[in-house]
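Here is the structure we will look at, set down as structure tokens.
We did not get these values from a lab; they are worked out from the coordinates using the rules stated. A quick note: this is a predicted structure, and the numbers were derived from the prediction, not measured. All Cβ positions, glycine included, derive from the backbone under ideal geometry; neighbour counts span all protein chains shown.
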Amino acid sequence: MSDRRGLLIILSSPSGAGKSTLANRLRKWDADMQFSVSATTRAPREGEEHGREYYFHSRAEFETLVNNNGMLEHAEVFGNLYGSPRAPVEAAINKGRDLLFDIDWQGGQQVRNSALGKHVLSIFILPPSIPELERRLHARAQDSDAVIEGRMQKSRDEISHWPEYDYVLVNDDLDETEARLRTIISAERLRLSQQPGVVEVVRRLNGEFEARKIEKQEGEE
């Protein structure tokens, strides 16, 4: 077991605010940081492997995991179930590895309310303005105008959940936002819930206090 517990880092933002770019930068900063691999009931696509892109399960297997408290969060999307398996997340936490979660605010809410909620660090990324958000979506040149409009409509609801997060950052400068994320993560790694060894240190200090007390009493006799 590691000297510290891993963090469950939930990064959320409306599409185009820079979440994916920032997540990839964090992984370059810390090679031990990894994405949490989700489970799904959809069929594997060509080249995908179980345990790498997703954990692939039948619907019955997935529902059994849910019923046995084996999922931290789950949802149905376009007829397929998706979720975050609990076992590999617990294993990463115990090894001191931080996990990045690519989930929406609803999934984040479920993880925060789970048995592992005390290890969650949730951060919401805001765009500097709505015109800039739309400009970034067009600049990616990945979606049609209709898809971009749908993303813009959805972003208002996503942004409305900002008060539910531990930290909120405005991504007006990518380098500065990355630096702030590093600072937050470095500090949160020192949170008491992430340092199981502190309990033993305090016990040792209390024992030394008792030994000192006995020595003084014996010296006065």
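Shown here for the stretch 64-147: chymotrypsin sites (Phe, Trp or Tyr not before Pro) in loop regions (DSSP other than H, G, I, E, B) with at most 16 other Cβ atoms within 10 Å, namely Phe78. Working from label points 7 Å from Cα in the Cα-to-Cβ sense, the Gln217 to Arg191 distance is 4.1 nm. When the Cα positions of Ile214, Tyr165, Phe124 are compared along the charge dipole of the chain, Ile214 comes out farthest toward the positive end, with charges on each C-beta of Lys, Arg, Asp and Glu. Once the Cβ-Cβ distance of Glu49 and Glu210 is raised to the sixth power relative to R0 = 41 Å, the FRET efficiency obtained is 0.15. Which FRET efficiency value, to the nearest 0.05, is calculated for Ala115 and Ala141 with the Förster distance at 35 angstrom and r the Cβ-Cβ distance? About 0.25, to the nearest 0.05. In the stretch 69-177, the ratio of gyration radius to Kirkwood radius, Rg to Rh, stands at 1.01 when only Cα atoms are counted.
Given the stretch 8-190, report the % of alpha carbon pairs whose separation exceeds 30 Å.
Numbers: 3492 of 16653 pairs.
I get 21 percent for the Cα pairs in the stretch 8-190 exceeding 30 Å.
Membrane-span-like helices in the chain, defined here as complete DSSP H runs extending at least 20 Å along the helix axis by their C-alpha atoms with mean Kyte-Doolittle hydropathy no lower than -0.5, are 174-188; this is a sequence and geometry rule, not a statement about a membrane. For the chain, set up a GNM with springs between Cα atoms under 10 Å and report which of Met152, Met33, Met71 has the largest fluctuation. Sorting by GNM fluctuation, first place goes to Met152. Residue separation of Arg59 and Ala75 scaled by 0.36 nm, minus their Cα-Cα distance, works out to 4.5 nm of gained length. Taking trypsin sites (Lys or Arg not before Pro) as exposed when their DSSP state is a loop state and no more than 15 other Cβ atoms lie within 10 Å, the longest site-free interval of the chain runs over 96-190.
Taking Asn24, Asn113, Asn206 in turn, the Gaussian network model of the chain (Cα-Cα springs below 10 Å) assigns the largest fluctuation to Asn206. The alpha carbons of the stretch 163-212 give a radius of gyration and a Dmax of 18.0, 56 Å, in that order. In this simple spin-label approximation, Glu200 and Ser160 carry label points 7 Å from Cα along the Cα→Cβ vector, and these lie 4.9 nm apart. For the stretch 78-130, the Kirkwood radius over C-alpha pairs fed into Stokes-Einstein at 37 °C and 0.692 mPa s yields D = 255 µm² per second.
Kindly work out what percent of the DSSP beta bridges joining two residues of the chain are antiparallel, to the nearest 5. Write out the running numbers ahead of the final one.
Working: 8 of 25 bridges.
Approximately 30 percent, going by the DSSP bridge assignments.
Given a cut-off of 24 Å, name the pairs among Lys19/Lys154; Lys95/Lys118; Lys118/Lys154 whose C-alpha atoms lie farther apart than that in the structure shown. Please list the in-between numbers first.
Values: Lys19/Lys154 16 Å; Lys95/Lys118 16 Å; Lys118/Lys154 29 Å.
Those over the limit are Lys118/Lys154.
Each Cα pair under 8 Å and six or more residues apart adds its sequence gap; the mean of these over the residue count of the chain is a relative contact order of 31 percent.
Applying the criteria of a DSSP loop state and at most 15 other Cβ atoms within 10 Å to the GluC sites (Glu not before Pro) of the stretch 44-114 yields Glu46, Glu48, Glu49, Glu53.
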